[in-house]
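Colleague: My structure is below; once you've seen it, I'll send some questions.
The values are calculated or read from the model by the stated rules, or taken from the named source; none is laboratory data. For clarity, every value in this text was computed on a predicted model and none was experimentally measured. Positions of Cβ are backbone-derived with ideal geometry, glycine not excepted, and every protein chain shown enters the neighbour counts.
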Amino acid sequence: MIALIILDGWGIRNSVKNNAIKGANIKTYPKLLKNYPNTMISASGLDVGLPEGQMGNSEVGHLNIGAG
């Protein structure tokens, strides 16, 4: 079984300061990362074909996830 889980708005960084995800008492997400294969992808900016400095939105990222 394969699952594609899109966590829209969840950024990944180590700092706890101003980081709602690190500051929250979440239990399931860290277990999933530890126990199952996973990867982070970039779904913004040049990686999805936007010109440098142009802001996109989640739709642009979502449309490109399965593009290859």
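Colleague: If you take the residues in the stretch 38-55 that are surrounded by 10 or more Cβ atoms within 10 Å (Cβ to Cβ) and among the small types (Gly, Ala, Ser), which one is farthest from the chain's Cα centre (by Cα)?
Modeller: In this case the residue turns out to be Gly49.
Colleague: Let me ask another. Which ones in the stretch 33-57 are touching a residue at least 12 places away in the same chain (Cβ under 8 Å) and outside any loop (DSSP other than H, G, I, E, B)?
Modeller: Listed by number, the residues that qualify are Asp47, Val48.
Colleague: Here is a follow-up. So, in the stretch 17-29, exactly how many residues are loosely packed, with under 10 Cβ neighbours inside 10 Å and at pLDDT 80 or above? Break it down into steps so the answer makes sense when it comes.
Modeller: Kept after step one, since they are loosely packed, with under 10 Cβ neighbours inside 10 Å, are these residues of the stretch 17-29: 17-18, 24-25, 27-28.
Still in the list and also at pLDDT 80 or above: 17-18, 24, 27-28.
So the count comes out to 5.
Colleague: Take the stretch 58-68 and flag every residue that is closer than 19 Å to Asp8 by Cα and either surrounded by fewer than 10 Cβ atoms within 10 Å (Cβ to Cβ) or in contact (Cβ under 8 Å) with a residue 40 or more places away in the chain (or both).
Modeller: So the first thing to find is which residues in the stretch 58-68 are closer than 19 Å to Asp8 by Cα, and the list is 58-67.
Result: Ser58, Glu59, His62, Ile65, Gly66, Ala67.
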